[in-house]
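> One structure is given below, represented as structure tokens, and several questions about it will come after.
Since every read-out is calculated from the coordinates, none of them should be taken as a lab result. Just so you know, these numbers come straight off a predicted model, no measurement behind them. Every residue, glycine among them, receives a Cβ derived from its backbone with ideal geometry; neighbour counts consider all protein chains shown.
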Amino acid sequence: MAIPILSYHAIDEQRSPISVTPDAFRRQMQALSESRCNVITLGRLVNALRGDGELPDRSVAITFDDGFESTYKHAFPVLQSHGFAATVFAVAGYCGKLNDWPSQPAGIPRMQLMDWPQIAEMERHGIEFGAHTYTHPRLDRTPASDLEREIVHSKHVMEDKLGHAVDLFAYPYGRFNTISADMVGATYAGACTTRLGTVTEASDPLALERVEILYVQHPRVMRHLSGRAFSWYLDIRRPIRSLASAVLRREWE
Ligand SMILES: [Zn+2]
């Protein structure tokens, strides 16, 4: 098993580091469709890692962090046209507001986040929702007294609004420490990091690898997501990504 979880943020024309244009997204989903990959929900992937259910060959999952309104406007119709599932990680305390949480770097434009009716509509059409904390802090720097609000309260807010259990989580900036990871493990069934890689049988369902779209956005790469060559490609990209994180302090996930 070597399953890529594709990681998107905004789908818009802003030339920001977290944006993919609607046209590029359309071409990427077309390439995915032509690749004979099976797009599965993250929930199904987590269940399979926990021994519940089998996965089809050539499985791929798609995630969107932060819950931008642009995901609703530009990604949702394209996903629907291909019959693709996806998972959106929403910031429970910011739904319907702007992404101006305290930890937001200055270089990221302020953008509208989807509201609860938009979330409910996407859910009715097969899009899955997970929690991405309450105020999008770096959990490795969050005081212990605030972790309950960020990890547990965010889940309860989403469950109240959606009317069902929310079992998936994504770490803002991919950051966590022992105390926050333990709380996530006691609260959720699965959690995504920003560590570059594909999910294998050996993956921890509470620290899932993902593939940031920046590394695979060319349709030619998208067509080969499930092949062995893709794992080699990520092996080459991983040290480059680590270097970029260290030098450019790229922290926007
Ligand atoms: Zn985020």
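> By average Cβ neighbour count within 10 Å, what is the ranking of 155-166, 66-77, 47-58 from highest down?
Per-residue Cβ counts within 10 Å, averaged per peptide and sorted highest first, yield 66-77, 155-166, 47-58.
> Determine the gain in length on full extension of the stretch Ala106-Ala120; use 0.36 nm per residue of separation and subtract their C-alpha separation, reporting nm with one decimal.
Stretched fully, the Ala106-Ala120 segment lengthens by 2.0 nm.
> Right, next: List the DSSP H helices in the chain whose Cα atoms stretch 24 Å or more along the helix axis and whose mean Kyte-Doolittle hydropathy is at least 0.0.
Details: long enough: 228-248 (30 Å, 0.24).
Those that clear 24 Å and a mean of 0.0 are 228-248.
> In percent, how large is the relative contact order of the chain, given Cα pairs closer than 8 Å and 6 or more residues apart?
22 percent
> For the chain, what does the helix formula give at 222 nm: sum of -39500 (n - 2.57) over DSSP H segments with n ≥ 4, over the residue count, nearest 500 deg cm²/dmol? Write out the running numbers ahead of the final one.
On the way: 9 runs with 85 residues, N = 253.
So the calculated ellipticity at 222 nm is -9500 deg cm²/dmol.
> Compute, for region 10-88, the length of the dipole vector about the Cα centre, with Cβ point charges of +1 (Lys, Arg) and -1 (Asp, Glu) only. Units Debye, rounded to 20.
Working: 8 positive and 10 negative charges, 35 e Å.
Approximately 160 debye in magnitude.
> To continue, here is another question. Using mean Cβ contacts within 10 Å as the protection proxy, how do 203-214, 223-234 order, highest first?
Order by mean packing, descending: 203-214, 223-234.
> Something else now. If I stretch the segment between Gln30 and Arg141 completely, what's the gain in nm (0.36 nm per residue apart, minus their alpha carbon distance), one decimal?
On the way: separation 111, 0.36 × 111 = 39.96 nm, distance 3.98 nm.
Here the segment from Gln30 to Arg141 would lengthen by 36.0 nm.
> Given the chain, what percent of its DSSP beta bridges are antiparallel, to the nearest 5?
10 percent
> Using only alpha-carbon positions, what ratio does the radius of gyration of the chain give when scaled by 2.2 N^0.38 Å?
On the way: Rg = 16.7 Å, N = 253, 2.2 N^0.38 = 18.0 Å.
That ratio works out to 0.93.
> Return an integer: the convex hull volume of the alpha-carbon atoms of region 15-135, in Å³ per residue. It would help to have the intermediate numbers written out before the result.
On the way: hull volume 13.8 nm³, N = 121.
Cα convex hull per residue, to the nearest whole number: 114 Å³.
> Follow-up question, since we're still on this one. Could you give log10 I(q)/I(0) at q = 0.11, 0.17, 0.18 Å⁻¹ for region 146-206, computed by the Debye formula over C-alpha point scatterers of equal weight, without solvent?
The Debye formula, applied to the Cα set alone, gives -0.26, -0.59, -0.66.
> If you don't mind, there's one more thing I want to ask. Suppose every Lys and Arg Cβ carries +1 and every Asp and Glu Cβ carries -1, with no other charges. What dipole size does the chain come out with about its Cα centre, to the nearest 20 debye?
860 debye
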